[in-house]
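To keep things clear, I will list the structure first and then write my remarks on it.
The values are calculated or read from the model by the stated rules, or taken from the named source; none is laboratory data. Please read these numbers as outputs of a predicted model, since none were measured by experiment. Backbone-built Cβ (ideal geometry, glycine too); neighbour counts: all protein chains shown.
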Amino acid sequence: MRKGLLLGGGTLLALAATWTAVAALNDVGPGAATPSRPPVPATADVTRQDLVETKTVSGSLTYAGERRIPSGASGTVTWAPAQGAVIRRGRPLLKVDRKPLVLMYGRLPLYRTLQRGVSDGPDVEQLERNLKALGHGDYLTVDDHFSYATEQAVKEWQDERGLAETGRVDAAQVVFQPAAVRVTGVDAELGDRTTPGRQALTVSGLRRLVHVDLDTGDQALARKGAPVTVTLPGGERAKGAVTSVGTVAETSGDEQDPTTTIDVEITLAKPPRSRLDQAPVEVEMQSERHKNVLAVPVEALLALREGGYGVEVVEGGTSRVVAVRTGAFGGGLVEVEGPGLAEGMKVGVPAT
């Protein structure tokens, strides 16, 4: 994935291009007052502040927790959801031979057939909790025991879903997931033959996040909890924070030019307006904080004839060019240091 770059010398030259002619008018060199020059079109303050150095990298707006769902039955797929569909508790994820594979909520997979006589367990309690939530089992006690009342509640549910009223629940009828899911991929399409264990769907959670394949050379940017700013599709800007940093590097690309990255996940402070999946975004990440430095807008920099950069200090009706050393860049500002330069001074900037 292509990464953004810190503002460098080439960019500075471009930003300073409109000021080069101004610097060329200065026949006496940096530091001298030049009252005869025309006034600068606009000014900005020299400020003293903390400056956070940033780097912009590319990412994608996606959904959290992608995972695969297998088919639990043998037969022909007679219905499959559309990509992007949201499936909630009690609704079918797939139909095989017109029989639904129904979503129920829970973290424990359905690893055995649940029926009268099975040993007590948390999977029984998980099923009973869902039956209650779906309106079945008026006399059902939610616990870890598969009772007669549990069997009757299962039969009620099976009748409602058009399934044979066996009182038994197996992986051909139910899939447990922690919560509602969003379909991100359909592998078992209408008319396909399927068998137990064959991948049927790819789903995710409903929570939005930003994923970045971060170059390992930039790993210092990815500190858990570090604040970021994300530019979303359409130009919307959103605040967020790094919530997950991968520990395994992945290599992609050809042998001559391999790219090694780690996975970074970012949670946004507010849900974005965009509903697009895998939409490209730009992520501004913080690399270093420079404390209590003098800063001016980047566009205040002049490209000097003798090399390097300067700023045009405006004092009353006069102005002078002061050569500066540049430091950190961040938020449209640049750290500067130069002779006589102080907080509160005015520097020339291009008119907007």
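Quick check: anything in segment 317-332 small (G, A, S), closer than 20 Å to V242 by Cα and modelled with pLDDT under 95? Even if it seems obvious, please write down each step before you answer.
Applying the first criterion (small (G, A, S)) to segment 317-332 yields 317, 319, 323, 327-328, 330-332.
With the extra rule that they be closer than 20 Å to V242 by Cα, the set shrinks to 330-331.
Right, trim to modelled with pLDDT under 95 and you get 330-331.
Checking segment 317-332: at least one residue is small (G, A, S), closer than 20 Å to V242 by Cα and modelled with pLDDT under 95.
Looking across R48, R107, one residue alone is modelled with pLDDT of 95 or more, out of contact with any Cys (no Cβ under 9 Å at 6 or more places or on another chain), of a type outside the set (S, T, N, Q) and within 30 Å of M345 (Cβ to Cβ). It is R48.
Tell me which residues, restricted to segment 219-239, are outside any loop (DSSP other than H, G, I, E, B) and either in contact (Cβ under 8 Å) with a residue 40 or more places away in the chain or of a type in the set (A, V, I, L, M, F, W, C) (or both).
Matches in segment 219-239: Q219, A220, L221, P227, V228, T229, V230, T231, P233, G234, A238.
Mind checking which residues of segment 89-145 are aliphatic (A, V, I, L, M) and part of a loop (DSSP other than H, G, I, E, B)? Residues satisfying the conditions are L108, L110, V118, L134, L140, V142. For segment 162-193, the tally of residues that are surrounded by 15 or more Cβ atoms within 10 Å (Cβ to Cβ) and under 22 Å from G106 (Cβ atoms) stands at 17.
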